[in-house]
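Have a look at the structure below before the remarks.
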Amino acid sequence: MPCSAPSGRFMVELYLEARLHNRISDADYRALLLRQDLDHQEQKLRQTLLQLIDVGSIRLDTAATSA
């Protein structure tokens with residue numbers, strides 16, 4: 001998933017992909033952590049994803065590649 005996409009689209013796609021596959025690539029996880037230009041809804045999506053990663057519902061997959 002390219003980091004150059006508009007932040008809203010990036011966050012929605014990242015969220016849906018992570019929830020669908022129950023994993024997130026290392027590169028997408030880093031992009032999620034570093035993204036600063038988020039509106040309120042995007043911040044909520046990021047917070048939810050980070051919580052799901054913390055509790056193990058979504059795994060951090062260092063072998064996965066970003067699509």
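The values are calculated or read from the model by the stated rules, or taken from the named source; none is laboratory data. A quick note: this is a predicted structure, and the numbers were derived from the prediction, not measured. Heads up, the Cβs are rebuilt from the backbone with ideal geometry, glycines too, and the neighbour counts pull from every protein chain shown. Side chains are part of the model used for accessible areas, which takes the heavy atoms of the whole protein and leaves out ligands, DNA and RNA. Shrake-Rupley method; radii C 1.70, N 1.55, O 1.52, S 1.80 Å.
Count of the stretch 18-67 residues, restricted to those that are acidic (Asp, Glu), in a helix (DSSP H, G or I) and within 14 Å of Gly8 (Cα to Cα), is 1. Is it true that some residue in the stretch 27-41 is touching a Cys at 6+ places or on another chain (Cβ under 6 Å), modelled with pLDDT under 95 and open to solvent by less than 40 Å² (accessible area, probe 1.4 Å)? Yes, because at least one residue in the stretch 27-41 is touching a Cys at 6+ places or on another chain (Cβ under 6 Å), modelled with pLDDT under 95 and open to solvent by less than 40 Å² (accessible area, probe 1.4 Å).
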